[in-house]
Amino acid sequence: MVATLVEKILKAHLVDGELTPGTEIGLRIDQTLTQDATGTMAYLQFETIGIPRVKTELSVSYVDHNMLQTGFENMDDHRFLQSVASKYGIYFSKAGNGICHQVHLERFAAPGKTLLGSDSHTPTAGGMGMLAIGAGGLDIAVAMGGSPFFLKVPKVLGVKLLGKLSPWVSAKDVILEVLRRLKVKGGVGKVLEYYGEGVTTLSVPERSTITNMGAELGATSSIFPSDEMTRDYLKKQGRETVWRALSADEGAVYDETLEIDLSHVEPLVAQPSSPDNVVPISQVEGKKVQQVIIGSCTNSSYKDLMVAAEMVKGKKVHPDVSFVVAPGSRQVLEQITKAGGLTYLIAAGARLIESACGPCIGMGLAPASNTITVRTFNRNFKGRSGTKDDQSYLVGPEVAVACALAGEFKDPRKLGELPRVEWPERFDVDDSMILRPATDGSAVEILRGPNIKEVPIRGPMDQTISGDILLKLSDNITTDGIMPAGAKILPLRSNIPAISEFVFCNIDPTFVQRIKEKKGGLIVGGENYGQGSSREHAALAPMYLGVRAVITKNFARIHKGNLVNFGILPLEFKDAEDYHRVNQGDVLEIPDARTQLENGKTEYVCLNITQNRSFPVVLTVSKRQQGILLAGGLLNQVKQSGD
């Protein structure tokens, strides 16, 4: 029977359920990755589970987010992560070695494997032919303990690529074109599988730029086949032995299809403040630009930076532009240095920052008030840069450099002939900053700083769910909006009592005070609630404050899973019009909710006590997730099963 590439990998890793569309399945996870903003909590949770050694083929802990060390907190977390990794059998990538997705692609990703990561851009490794999925930290902790990862069988959206990219057009423009067509909800419940003759024209890093930003579509993952281009990349990394050819069978049938002729793609720009607000460069040409940054897990590969370097060779950036470059890994930095690219960039006026996420997560380099910042990043949510009134545009490296040179948006195709960049015959491999775990971890001491607090756990689900609507929110509320990042807040990721003080702080600064006064309550949201980052703190901190349920039109996949994991009911309006009929401040009640859930009921009557009316809400979860909610969260359930 013919099968898609996604179906082949799912079947090879299936340990629970059947591959019936829409049903829940359990997958064996081969590899996991964490980064330091999510990893500290994930490993605290792993400790709580009580398993002495990870059971995956490979688990890697990266340090790439919390790099500003203005206080002791971040360094304490990094020390904790290093000791935990050594004790429990996890590889540790030190600060400065690079962004988790870039380094994992270089040193660990392997065709046909499954990868689960506590970062929404984990699908970057799909460029290598992996089925790579982002999830909350607790899901990663459980997977490291050897349990399956559960998800609904996704639809497979086949994206057929034809032709070849024109000069000055890059892989970033391809994914922006997909976002222009499908929008930020277009991938929900789907894996995007790329195929067709155009695939063979794209290198692995270019493919990974495309799979990286599949996260902005809400997709479960994105994947390319493993072919000779994959083999060549692995050979350059000295890892050819992990290569194997993988692709869809001839005649494989996709649930949906999309066709893109690469030769027709043009330079594109995602305008503020959503990755799908995409227009051709011509529509913004001439707008003044004050900041240009090249980097992030999306566009910081060797080719990305060497194209930029060749473009600025012998030139100077515009005097009104702050031009910043962040290599994706130490390997990339060393490689562009040997090729002369770093000299060209610095001579042109570039500011070089370390190989880390940095400004992509608001960790430094916030733009000036009410100015335009042009970035080769994957997200441009309002305020994510660290400046509340930012105007953040997403572009490919070619457009970014054209803007830096001109001081305004400029079509790079007007710059003449595209500089030619050749891939090196072999990448310089130095894994000295990736530390192997201790062979016997029993004697390793876990090092904990004072900012590292215990994981909060709530009790079993209440019989009746009730409370005030403390916030009524619009569509596409991001996890950045629920639990912001940035240099001030990220260092508190291992301290839930402290970080909880910032929940919804950029949306409603009074929220925390009000929920404390009410001793808990409810949240109402619109479409696609919880899109964006996988950060489980957007569920964990609200749980700690007493949020009992979130009622929306619908949820983003990862956030809904995180809500379940921490015992918050993810309810949806049965009639979307009821969203408009409730108000912030209304008191709601779902009588006998626990008994109804125990009986497997999926539709509940929600009483609006304030308005003296009722409306139906729906709980769409699996039987397994019902048990998690009844226990008050996944950690509760795991601990109970171990007692």
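Every read-out reported here was derived from the displayed coordinates using simple, explicitly stated rules and does not represent laboratory data. Bear in mind that the values here come from a model prediction, so they are computed numbers and not experimental data. In this analysis, Cβ positions are derived from the backbone assuming ideal geometry, glycine residues included, and neighbour counts consider all displayed protein chains.
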If R₀ is 22 angstrom, what is the calculated FRET efficiency for the pair residue 200 and residue 239, using the beta carbon separation as r and rounding to 0.05? 0.60
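For the stretch 271-415, what proportion of DSSP beta bridges, expressed in % and rounded to the nearest 5, is antiparallel?
Just about 5 percent of them are antiparallel.
Rounded to the nearest 0.05, what FRET efficiency is calculated for residue 338 and residue 510 with R0 set to 56 Å and r the Cβ-Cβ distance?
Details: r = 54 Å, r/R0 = 0.97.
Here the calculated transfer efficiency is 0.55.
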Compactness index (Cα Rg / 2.2 N^0.38 Å), the stretch 231-372: 1.30
Here the percent of antiparallel bridges among DSSP beta bridges lying wholly in the chain, to the nearest 5, is 35 percent
Peptides 556-569, 229-242 ordered by average Cβ neighbours within 10 Å, highest first: 556-569, 229-242
Taking the Kirkwood radius as the inverse of the mean 1/r across Cα pairs, report the Rg/Rh of the chain. 0.95
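Working from the pairwise distances between different alpha carbons, so that the mean of 1/r is found and then inverted, what is the stretch 94-227's Kirkwood radius in Å?
So the Kirkwood estimate lands at 15.1 Å.
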Expected 222 nm ellipticity per residue - DSSP helices of 4 or more, -39500 (n - 2.57), all of the chain, to 500: -8000 deg cm²/dmol
Which of 155/553; 382/516; 288/414 exceed 23 Å between C-alpha atoms? The answer is 382/516
Over all Cα pairs of the stretch 52-112, how is the pair count split among 10 Å bins, expressed in % and running from 0 up to the last occupied bin? 21, 47, 27, 4, 0
Distance in nm between pseudo-label sites at residue 440 and residue 282 (7 Å out along the Cβ direction from Cα): 7.1 nm
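Using the number of other C-beta atoms within 10 angstrom as an exposure proxy, rank 501, 408 with the fewest first.
By the 10 Å Cβ count, ascending, the order reads 501, 408.
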How many angstrom separate the Cα center of the stretch 549-588 from the Cα center of the stretch 175-237? 31 Å
Between the stretch 70-126 and the stretch 433-474, the Cα center-to-center distance that results, in Å: 18 Å
Can you check how the C-alpha radius of gyration of the stretch 357-431 compares to 2.2 N^0.38 Å, as a plain ratio? 1.37
How far apart, in nm, are the 7 Å Cα→Cβ label points at residue 464 and residue 346? 6.9 nm
Residues meeting the amide H criterion for residue 313 (H placed from the backbone, H to H distance under 5 Å, 5 or more places apart or on another chain) are none
In the structure shown, do any of 388/472; 472/601; 94/453; 316/410; 160/235 have a Cα-Cα gap over 19 Å, and if so which? 388/472; 472/601; 94/453; 160/235
Reachable aspartates and glutamates, given that their alpha-carbon falls under 15 Å from the alpha-carbon of residue 313 and they are not under 8 places away in the same chain: 304, 398, 417
Between residue 2 and residue 264, what FRET efficiency comes out of the Förster formula 1/(1 + (r/R0)^6) with R0 = 41 Å and r the beta carbon distance, rounded to 0.05? 0.90
Taking the Cα-to-Cβ direction at residue 433 and at residue 501 and moving 7 Å from each Cα, how far apart do the two end points lie in nm? 3.3 nm
